[in-house]
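Participant: Structure incoming, see below.
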Amino acid sequence: METSNYYKKLKKPIWAPPGRLFGPVWTGLYIIIFVSFGYVVYLYIKNIIPFIVLLPFILNLIFNFTFTPIQFRLKNNWLASVDIVLTVGTLLWALYAIYHYASWVSFVNIPYALWGIFATILQLTITMANRKN
């Protein structure tokens, strides 16, 4: 409830989706992430890929899961902006790194990448709109 109230109080662009949309979108994306990133871990355990290919997936999960506490517990838009840029950056690195070994992982994560890019633009816009002058 507090998270919802905090998001409602932020100045947002007119094209910002309603807060209630984020849960269903992320549920679908987390299913894709769980299956595809799990497969990458499997490839690493089987010594099919080196650690450098697994690394951006690990970093992506760390940045992805830290966004919500940064944004809604710390209420720090600037740090959340840095975090979301790192989330998208590590995702793009991960999808590039795995492509040679399992191209389907790259393709199935296109919705995650597109949503991540959209969310990054939204977060940066919200951050700028809510900055203290």
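Participant: Assign one of three labels to the stretch 88-133, namely rounded, prolate or oblate, based on the Cα gyration tensor with a ≥ b ≥ c the square roots of its eigenvalues; rounded applies when a/c is under 1.5, prolate when it is not and a/b is larger than b/c, and oblate otherwise. Don't jump to the answer; show the numbers that get you there.
Facilitator: On the way: a/c = 7.84, a/b = 3.12, b/c = 2.52.
Prolate shape, in that a/c is at least 1.5 and a/b is the bigger ratio.
Participant: So what's the gap between the Cα centers of the stretch 1-64 and the stretch 81-133, to the nearest angstrom?
Facilitator: About 9 Å separates the Cα centre of the stretch 1-64 from the one of the stretch 81-133.
Participant: Here is a further query. Given charges of +1 on the Cβ of Lys and Arg and -1 on the Cβ of Asp and Glu, with all other atoms neutral, how large is the dipole of the chain about its Cα centre, in debye to the nearest 20? Don't skip to the end; give the middle numbers.
Facilitator: Details: 10 positive and 2 negative charges, 119 e Å.
With Lys and Arg at +1 and Asp and Glu at -1, about 560 debye.
Participant: So how far apart, in nm, are the two label points at residue 65 and residue 122 if each is 7 Å from Cα heading toward Cβ?
Facilitator: The modelled label-to-label distance comes out at 2.3 nm.
Participant: Over the chain, what is the relative contact order in percent, taking alpha-carbon pairs closer than 8 angstrom and at least six residues apart?
Facilitator: Numbers: 103 pairs, mean separation 41.5, N = 133.
The normalised contact order for the chain reaches 31 percent.
Participant: Follow-up question, since we're still on this one. 7 Å from Cα along Cα→Cβ at both residue 114 and residue 79: what's the point-to-point distance in nm?
Facilitator: 3.3 nm
Participant: Hey, what do the phi angles of the stretch 47-54 turn into as Karplus ³J(HN,Hα) couplings, whole Hz, using 6.51/-1.76/1.60 and θ = phi - 60°, x for Gly and Pro?
Facilitator: 3J(HN,Hα) across the stretch 47-54, in whole Hz: 6, 8, 10, x, 4, 4, 7, 6.
Participant: I want to check the label-to-label distance for residue 8 and residue 42. Put each point 7 Å from Cα in the C-beta direction and report it in nm to one decimal.
Facilitator: Label at residue 8, label at residue 42, 4.3 nm between them.
None of the figures in this text is laboratory data; all of them are computed from the coordinates on show. Just so it is clear, the model here is predicted, and its values are computed rather than measured. Cβ sites come from the backbone with ideal geometry, for glycine too, and all protein chains shown count toward neighbours.
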